[in-house]
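Worksheet: one structure, shown below.
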Amino acid sequence: MMAKPFLLELTENQIMIRDTIREFAEKNIRPVIMEYDESQKFPLEIMQKLGELGFMGILVPEEYGGAGLGYIEYALIIEELAKVDPSVALSVAAHNGLCTNHINLFGNEQQKKKYLTDLASGRKIGAWGLTEAVSGSDAAGLKSYAVKDGDFWILNGSKQFTTHGTVGETYVVMAITNKEAGKKGISAFILEKGF
């Protein structure tokens, strides 16, 4: 028996969001794609404009300056951006899904208040540090570790790649805090540029 296809009917609000981001991408991204590509410059101005529209904090609750949207809206936004420029779409997805949403889902109240407003507005770009030379992006194979020292943590290790590493100002970095616990002994740390 053949499975019935899943058909998603968009709400009026979702259609409006899709149309808004589609128009934004055509007007603000398409004309400058090659400029950014050839100069290999990060499209910070585009990210800031997306922040003004609420698309740098898609999943972040409104109380922290985000759009307070869901995963369907998130997917629509990334899809429409990718139709025009996949690299911008990937940057928006990494900012929203890796750094910003990690703080949103797992950060304490103080961390949310401190970091989410600037991230959701696009004033700051979020970065993600997981990939290591030895383990790639397999979190269970991490070698970077952190040791508690009084009220502080000391992080040791290195990352092969850090998404938005050169432009990020708020980083979520993964490190082992309890080796005996295996993959459950991995913690996320929020770092600021210049730490």
Checklist entry - What is the one condition in (1) touching a Leu at 6+ places or on another chain (Cβ under 8 Å); (2) at pLDDT 95 or above; (3) more than 30 Å from Ile33 (Cα to Cα) that Gly122 does not satisfy? => result (3)
Item to check | Selection within region 81-103 - charged (D, E, K, R) and surrounded by fewer than 17 Cβ atoms within 10 Å (Cβ to Cβ) | outcome: Lys83
Checklist outcome for this item: If you go through Leu10, Leu44, the only one that is more than 20 Å from Gly122 (Cα to Cα) and either within 25 Å of the chain's Cα centre (by Cα) or touching a residue at least 60 places away in the same chain (Cβ under 8 Å) (or both) is Leu10
Item to check | Filter result (touching a strand residue (DSSP E or B) at 6+ places or on another chain (Cβ under 9 Å) and either in a strand (DSSP E or B) or surrounded by 17 or more Cβ atoms within 10 Å (Cβ to Cβ) (or both)) within region 133-162 | outcome: Leu142, Ser144, Tyr145, Ala146, Val147, Lys148, Trp153, Ile154, Leu155, Asn156, Lys159, Thr162
Item to check | Residue list for region 28-43, filter: surrounded by fewer than 16 Cβ atoms within 10 Å (Cβ to Cβ) and either over 18 Å from Pro86 (Cβ atoms) or among the polar types (S, T, N, Q) (or both) | outcome: Ser39, Gln40
Checklist entry - When region 163-178 is examined, which residues are found to be among the β-branched types (Val, Ile, Thr), part of a strand (DSSP E or B) and under 25 Å from Asp118 (Cα atoms)? => result Thr163, Thr170, Val172, Val173
Next on the checklist: Any residue that is under 22 Å from Asn178 (Cα atoms) and either part of a loop (DSSP other than H, G, I, E, B) or without any contact (Cβ under 8 Å) to a residue 40 or more places away in the chain (or both) - is there at least one of those in region 73-93?
Outcome noted: no
Checklist entry - Which pairs have Cβ atoms under 8 Å, sit 6 or more apart or on different chains, and link a residue in region 148-161 that is on the phi > 0 side of the Ramachandran plot to one that is surrounded by 13 or more Cβ atoms within 10 Å (Cβ to Cβ) and among the small types (Gly, Ala, Ser)? => result Gly157/Ser144; Gly157/Ala175
Next on the checklist: Checking the conditions here, which among Ala181, Ala120 is within 24 Å of Gly57 (Cα to Cα) and either over 14 Å from the mean Cα position of the chain (by Cα) or part of a helix (DSSP H, G or I) (or both)?
Outcome noted: Ala120
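The values are calculated or read from the model by the stated rules, or taken from the named source; none is laboratory data. Owing to the predicted nature of the structure, the values given are computational and were not obtained by experimental measurement. Because the Cβ atoms are built from the backbone with ideal geometry, glycine has one as well, and the counts that use them run over all protein chains shown.
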